[in-house]
Amino acid sequence: KQIEKNVLEDADGLIKENDLEGAILAYLEYMLITGSQMPPWSAAEQKLLLGSDKVKTMLAASQNPSNQETAESAVKALEAIREKQTAGAHILTIFEANTRAAMGEPGRARDLMLDALAENPYIAGAWKDLGDFYFKNYEPYKAWLCWDTARIINPSHPLLDSVNNFENQLINKYPEFF
């Protein structure tokens, strides 16, 4: 709980310092840690944060790409933004990792995710994604270690619903192994 509080305090401080990109990244980090929605903003904060062209560009690049061209463009944008961003750059690294995974670059995606987790090992959403990378690359043991780490951090994180459902299917289909 203290980590979550610190991230929110950082976000509020970044808004006051007019580091809008850093503030949005801190709010996104909060969401990835907790699985909760962003805390409500005042009308003035919302106008300030969502009115920034830099924030709009960053958020657009952070979306799941619809095709290879969009993915390549997003990676370039994320890399460029990350080079200039100090606060919350590891969150951009998570987005780049997921985009690179979608582009068929699992090794690079894994390395980026590990870099992000080295910055903040309490991001349950990143552990879940790392587990997905390992599972898709036929490393189920590592996948379960990552998913279980995410569960330790936040057992009720909504991103873990798919893992919990998968585990329940395995238990029902192969009870002799559990």
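The values are calculated or read from the model by the stated rules, or taken from the named source; none is laboratory data. Remember, it's a predicted structure, so these values are computed and weren't measured experimentally. All Cβ positions, glycine included, derive from the backbone under ideal geometry; neighbour counts span all protein chains shown. Just the protein is used for accessible areas: all its heavy atoms, side chains included, with ligands, DNA and RNA removed. Shrake-Rupley method; radii C 1.70, N 1.55, O 1.52, S 1.80 Å.
A few remarks follow.
- Among 168, 64, 18, residue whose mean-square fluctuation peaks in a GNM of the chain (springs only between Cα atoms under 10 Å): 168
- Residue-span extension gain [residue 4 to residue 141] - 0.36 nm each, minus C-alpha spacing: 46.4 nm
- Distant alpha-carbon pairs in the chain (separation over 22 angstrom), percent: 47
- Extension gain (nm, one decimal) between residue 60 and residue 84, 0.36 nm per residue minus Cα-Cα: 6.9 nm
- A simple spin-label model places pseudo-atoms 7 Å from Cα toward Cβ; at residue 16 and residue 162 they are separated by 3.9 nm.
- Ordered from highest to lowest accessible area with the whole protein assembly present and a 1.4 Å probe, 33, 152, 81, 3 read as 152, 3, 81, 33.
- Candidates 38, 58, 113, ranked by Gaussian network fluctuation over the chain, Cα under 10 Å, top entry: 38
- Helix 124-136 vs. the chain, principal-axis angle (Cα, 0 to 90°, nearest 10): 50
- C-alpha long axis of helix 161-173 to longest principal axis of the chain, angle in °: 0
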